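The values are calculated or read from the model by the stated rules, or taken from the named source; none is laboratory data. Given the structure is predicted, the values throughout are model-derived calculations rather than measurements. FYI the Cβ positions are ideal-geometry reconstructions off the backbone, even for glycines, and counts take in every protein chain you see.
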Ligand SMILES: Nc1ncnc2c1ncn2[C@@H]1O[C@H](COP(=O)(O)OP(=O)(O)O)[C@@H](O)[C@H]1O
Ligand SMILES: [Mg+2]
């Protein structure tokens with residue numbers, strides 16, 4: 001088979017004593033993919049990554065690397081490399097020695113390893129720092145050394161555990177692009193761990209959203225953003241308004257829902273639901289229009305509480321008649337189309353077609 | 001070495017500029033009263049003339065150093081040829097102290113590593129257990145060791161009982177006994193600094209090494225040991241230096257054949273047979289040797305550090 005998945009995780013369970021850190025994880029990661037594990041702190045991302053690297057035993061289940069079972073192999077026999085969260089550079093070796101370490105361990109001669117290390121350092125633009133010790137480098141430079149060190153032995157899969165979290169915002173954005181670029185260039189499968197949803201959306205081919213040791217949703221960035229499968233994903237990815245609703249009537253694929261304050265909303269739905277169900281509806285703030293005239297399309301009524309300028313956008317905070325808080329985002333560039341109303345003003349909110357999503361759990 | 005991180009200690013802040021002199025006073029006092037004065041005294045005494053029945057005559061003399069290095073025949077009137085007696089004792093002492101340091105290192109590293117990798121809560125207990133024997137006075141411990149090692153002592157009894165040997169071994173008054181004595185006397189001075197270094201060691205580095213295809217052995221040699229090297233060196237100094245000057249173990253366990261510098265010096269100041277200037281001279285020679293070894297080490301360290309940057 002030409003296209004074996006790079007990594008298959010099969011029914012993997014991880015327990016620490018009584019505590020279940022991972023509950024039956026199933027994953028299949030393609031070759032050349034930029035795959036991201038995304039979730040809040042403590043959800044088990046690092047544990048899963050460390051199981052793939054070999055630092056943690058798998059309590060139950062199996063892990064395959066290009067079809068070969070690796071979960072029993074010690075870490076130094078797995079052809080995967082890791083970029084550690086705090087880099088873990090060898091402090092007593094200079095940059096070049098750090099980068100050539102893995103190559104030497106693979107049996108390359110010292111001179112070959114050094115030459116290859118120089119090439120890697122060129123790739124991450126650190127050639128002039130080759131003789132420095134890690135402590136003499138800035139955080140961003142150390143990060144790139146860690147990257148070069150992990151890439152030098154040309155692993156089949158590169159594991160990255162929140163590699164950018166210690167960098168300041170600007171550097172982080174630059175490194176995001178650089179990483180993405182490196183991944184394309186080398187063709188190595190990246191498994192990237194982050195708790196930053198924006199970072200995940202920017203970089204990934206596919207994302208697995210995790211919480212409480214489970215994968216909540218797995219898919220392409222856009223898919224997850226636009227079609228979150230449950231309230232956790234909707235809430236965690238991007239900004240959203242979650243409203244509690246009750247199913248009032250169903251006609252075809254359209255459902256009429258009742259909000260708390262007595263207002264109604266029509267929503268398209270595929271999931272199996274029945275009349276009387278209590279559900280949540282998720283609506284992204286940028287897919288709402290506010291107007292001060294009820295143009296009959298407007299379904300929700302509320303009052304403006306505050307407007308917050310955040311650079312590219314303006315966020316308006318509304319209080320719906322139901323009592324729910326509601327966020328609306330207008331891009332700064334189309335202020336003409338989406339008008340901003342002063343606090344205290346009564347307004348009508350229109351939901352863009354297809355923007356409201358009914359979530360079963 | 002640990003690189004930049006170990007360079008601490010430079011005072012940069014101006015906060016204490018005015019009071020700095022006062023705050024440094026205890027340090028200066030310690031240095032002067034406990035180091036400078038005694039060493040100077042020793043130096044001066046080594047150049048004085050000996051008085052019979054101990055003590056000195058305040059008259060300049062090179063006799064002590066002459067006695068150490070020169071063999072002038074039975075009546076002391078021949079030209080100087082090298083005196084091997086004392087040099088042999090020195091050489092034996094260095095050899096014994098070096099071996100004791102090596103054995104301490106071999107035993108301490110796994111011990112310290114083991115303790116440092118226990119859960120935080122149990123580490124204190126292990127350290128406590130390690131240090132308990134050392135609450136007993138060194139003299140008493142050494143005497144007890146004599147009992148342990150003598151011919152009808154428990155060590156021989158057990159060995160005979162197990163059947164490893166048929167007749168009790170002569171262990172007392174051998175260099176082996178001295179070795180055991182030195183090893184046991186100074187073991188914690190090796191364990192504690194290495195423990196401190198291993199405890200500070202970032203174990204993710206071992207994972208990083210394994211991740212980069214290093215076996216356990218290579219990780220130990222190329223990552224762990226270099227990272228905790230300062231602790232190892234501190235431990236080696238702390239064991240080697242006192243072993244070199246030790247006199248209890250050689251006296252009580254080694255007998256006359258296994259004389260070490262410490263005993264030689266001790267003898268010069270004990271009772272009526274002593275020779276103070278000679279004892280002082282031997283001490284000065286011992287001190288210079290330790291200084292030379294430490295200086296060479298420091299020189300090599302700064303070179304190694306300099307090469308990195
Ligand atoms: N060695 C361990 N012993 C017990 N619990 C652990 C251990 N390592 C991790 N955990 C627990 O497993 C869960 C997942 O941890 P982790 O994978 O580090 O989360 P994340 O990387 O997503 O923040 C956490 O609740 C953590 O407390
Ligand atoms: Mg983590």
Hey, could you check the range A:191-215 for residues that are surrounded by 21 or more Cβ atoms within 10 Å (Cβ to Cβ), away from ligand 2 (no atom under 14 Å from the Cβ) and within 13 Å of residue A:22 (Cβ to Cβ) and say which is farthest from the chain's Cα centre (by Cα)?
-> A:215
Output the strands (runs of 3 or more DSSP E) that fall wholly within the range A:246-361 and possess 1 or more residues being over 30 Å from the mean Cα position of the chain (by Cα), or say none.
-> A:254-259, A:264-268, A:288-291, A:300-309, A:313-320, A:346-351
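Matching residues to (1) within 23 Å of residue A:41 (Cα to Cα); (2) away from chain B (no Cβ under 14 Å); (3) at pLDDT 95 or above:
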position: A:108; (1), (2), (3): no, no, no
position: A:127; (1), (2), (3): no, yes, no
position: A:141; (1), (2), (3): no, yes, no
position: A:175; (1), (2), (3): yes, yes, no
position: A:187; (1), (2), (3): no, yes, no
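Take residue B:235 and tell me if it is more than 30 Å from residue A:47 (Cβ to Cβ) and within 14 Å of chain A (Cβ to nearest Cβ).
no
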From the option list A:26, A:32, single residue qualifying as in contact with a strand residue (DSSP E or B) (Cβ under 8 Å, 6 or more places away or on another chain), in contact (Cβ under 8 Å) with a residue 60 or more places away in the chain, in a loop (DSSP other than H, G, I, E, B) and farther than 26 Å from residue A:134 by Cβ is A:32
Scan (1) surrounded by 17 or more Cβ atoms within 10 Å (Cβ to Cβ); (2) free of Cβ contacts under 8 Å to residues at least 24 places away in the same chain; (3) more than 12 Å from chain A (Cβ to nearest Cβ); (4) in a loop (DSSP other than H, G, I, E, B) for the single condition residue B:266 breaks and write down its number.
-> (4)
In the range B:115-137, what count of residues is obtained for those that are more than 14 Å from residue B:239 (Cβ to Cβ), touching a helix residue (DSSP H, G or I) at 6+ places or on another chain (Cβ under 8 Å) and not in a loop (DSSP other than H, G, I, E, B)?
-> 8
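Of all residues being out of contact with any helix residue (DSSP H, G or I) (no Cβ under 8 Å at 6 or more places or on another chain) and within 25 Å of residue A:155 (Cα to Cα) in the range A:186-204, which is nearest to ligand 1 (Cβ to nearest atom)? Just the residue, please. Give the derivation first.
Taking the range A:186-204 as the starting set, the residues that turn out to be out of contact with any helix residue (DSSP H, G or I) (no Cβ under 8 Å at 6 or more places or on another chain) are A:187, A:189, A:196, A:198.
Within this subset, residues satisfying the condition of being within 25 Å of residue A:155 (Cα to Cα) are A:187, A:189.
Numbers: A:187: 27, A:189: 20 Å.
It comes out as A:189.
Given the criteria surrounded by 15 or more Cβ atoms within 10 Å (Cβ to Cβ) and more than 19 Å from residue B:290 (Cβ to Cβ), does residue B:70 qualify? Step through it out loud before you land on a result.
Working: surrounded by 15 or more Cβ atoms within 10 Å (Cβ to Cβ): yes; more than 19 Å from residue B:290 (Cβ to Cβ): yes.
When the stated conditions are applied, residue B:70 passes them.
Quick grid of which residues meet (1) under 24 Å from residue A:216 (Cα atoms); (2) more than 16 Å from ligand 1 (Cβ to nearest atom):
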{"residue": "A:47", "(1), (2)": "yes, no"}
{"residue": "A:53", "(1), (2)": "yes, no"}
{"residue": "A:61", "(1), (2)": "yes, no"}
{"residue": "A:84", "(1), (2)": "no, no"}
{"residue": "A:89", "(1), (2)": "no, yes"}
Could you check how many residues of the range A:80-95 are at pLDDT 95 or above and either more than 10 Å from every other protein chain (Cβ to nearest Cβ) or surrounded by fewer than 17 Cβ atoms within 10 Å (Cβ to Cβ) (or both)?
-> 1
Residue that is nearest to residue A:34 (Cα to Cα), among those in the range A:110-125 that are within 14 Å of chain B (Cβ to nearest Cβ) and in contact (Cβ under 8 Å) with a residue 12 or more places away in the chain | A:120
Please indicate, with yes or no, whether at least one residue in the range A:2-23 is under 18 Å from residue A:193 (Cα atoms), within 15 Å of ligand 1 (Cβ to nearest atom), touching a residue at least 60 places away in the same chain (Cβ under 8 Å) and not in a strand (DSSP E or B).
-> no
Within the range A:147-168, residues facing chain B (nearest Cβ under 9 Å), away from ligand 2 (no atom under 16 Å from the Cβ) and outside any loop (DSSP other than H, G, I, E, B) come out as A:149, A:150
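Are any residues in the range A:81-130 touching a strand residue (DSSP E or B) at 6+ places or on another chain (Cβ under 9 Å) and part of a loop (DSSP other than H, G, I, E, B), and if so, which ones? Before you say what the answer is, go through the steps one by one.
First, pick out the residues of the range A:81-130 that are touching a strand residue (DSSP E or B) at 6+ places or on another chain (Cβ under 9 Å): A:81-85, A:88, A:102.
Selection gives A:84, A:85, A:88.
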Examine the range B:165-176 for a residue that is surrounded by fewer than 20 Cβ atoms within 10 Å (Cβ to Cβ), on the phi > 0 side of the Ramachandran plot and away from chain A (no Cβ under 14 Å), and state whether such a residue exists.
-> yes
Output the number of residues of the range A:211-240 satisfying the condition of being out of contact with any helix residue (DSSP H, G or I) (no Cβ under 6 Å at 6 or more places or on another chain) and part of a strand (DSSP E or B).
-> 5
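For the range A:43-72, name all the residues that are in a loop (DSSP other than H, G, I, E, B), farther than 20 Å from residue A:103 by Cβ and either more than 16 Å from ligand 2 (Cβ to nearest atom) or facing chain B (nearest Cβ under 8 Å) (or both). Please lay out each step first, then the result.
Let us first name the residues in the range A:43-72 that are in a loop (DSSP other than H, G, I, E, B), namely A:43-44, A:54-59, A:66-67, A:70-72.
Filter once more, so that each one left must be farther than 20 Å from residue A:103 by Cβ: A:43-44, A:55-59, A:66-67, A:70-72.
A:55, A:57, A:58, A:59, A:66, A:67, A:70, A:71, A:72 - these are the residues of the range A:43-72 that are in a loop (DSSP other than H, G, I, E, B), farther than 20 Å from residue A:103 by Cβ and either more than 16 Å from ligand 2 (Cβ to nearest atom) or facing chain B (nearest Cβ under 8 Å) (or both).
Looking at the range B:192-232, which of its residues are under 26 Å from residue B:94 (Cβ atoms) and facing chain A (nearest Cβ under 9 Å)? Talk me through it step by step, then tell me what you get.
We begin by selecting, within the range B:192-232, every residue under 26 Å from residue B:94 (Cβ atoms); these are B:192-194, B:197, B:225, B:228-232.
Passing the criteria: only B:229.
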Select from the range B:168-177 the residues that are in contact (Cβ under 8 Å) with a residue 12 or more places away in the chain and in a helix (DSSP H, G or I) and list them in ascending order.
-> B:175, B:177
For the range A:64-78, enumerate the residues that are out of contact with any helix residue (DSSP H, G or I) (no Cβ under 8 Å at 6 or more places or on another chain) and farther than 10 Å from residue A:7 by Cβ.
-> A:67, A:68, A:69, A:72, A:73, A:77
For residue B:280, the lone unmet condition from (1) more than 26 Å from residue B:226 (Cβ to Cβ); (2) out of contact with any helix residue (DSSP H, G or I) (no Cβ under 8 Å at 6 or more places or on another chain) is (2)
Given the conditions (1) more than 16 Å from ligand 1 (Cβ to nearest atom); (2) modelled with pLDDT of 95 or more; (3) away from chain B (no Cβ under 11 Å), and given that residue A:35 satisfies all but one, which numbered condition is not satisfied?
-> (1)
